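What follows is a short report on a single structure.
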Amino acid sequence: MTRHRTWALVVVVIAAALGGCVGPFDGGEQSTAEPTATDDPTPTATPVHSSYEQTTVTVLDGDSDAELGAVEAAIADNGSLQYTGLSNTESLPEDRGMLFVFSGERNLTFVMREMDFAIDIVYIDSNGTITSIHHAPAPGPEEDGNDQEYSGRGQYVLEVNHHWTTDRGVEVGDQVAFELPE
């Protein structure tokens, strides 16, 4: 088990233990009110890579400009964040991704280093046009992913769940729109 999974398990166990100890507090009496339609019994999920800057990435059909899909993406805009990528991530919610930002368009090669799940790797040029898409399977049980190489040309690379692009009809030539924080 990776260190990341071990810590995640410890956090879940502690949270579950504390969950039974904490109840509603309204000055000492427990509430007997029934939940209303506005009460949300499920906790809000913590975004993946919440310490990263985030942006909404929208993919538009290259011919009609119709929206094909969108994800909230963590921004990897420096060497350290780019090296780590999604490798310390156990899974990726369907509406999440990671956007790698480089200073200019170039030939790039991404690997599946220490990945726990399959992804799509989308190369995007400086004008926002998709130049290539790879469907990268997760490394096998005895593999570290370093031998799984996926090359393309772009200034940006978007990583999303495996077959996210296929499920939405995203193709080479489609456009990608997002705003980067200043």
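Readers should treat all values here as calculations from the given coordinates under stated rules, not as data from a laboratory. This one's a predicted model, so the numbers in the text were calculated from it and none came from an experiment.
At a temperature of 20 °C and a viscosity of 1.002 mPa s, determine how fast the stretch 52-177 diffuses translationally according to Stokes-Einstein, using the Kirkwood radius over alpha-carbon pairs as Rh; express D in µm²/s, rounded to the nearest whole number.
149
Over all directions, how big on average is the projection of the convex hull of the alpha-carbon atoms in the stretch 137-182, in square nanometres?
5.1
Remind me, relative contact order of the stretch 52-177 in percent, using alpha carbon pairs under 8 angstrom and six or more residues apart?
Worked out over the stretch 52-177, it gives 29 percent.
log10 I(q)/I(0), Debye, Cα-only the stretch 90-137, no solvent, q = 0.16, 0.18, 0.28 Å⁻¹?
-0.52, -0.66, -1.29
Project the alpha carbons of the stretch 59-105 onto their principal axes and report the range along each, largest first, in whole Å.
The Cα atoms of the stretch 59-105 stretch 37, 29, 11 Å along the principal axes, largest first.
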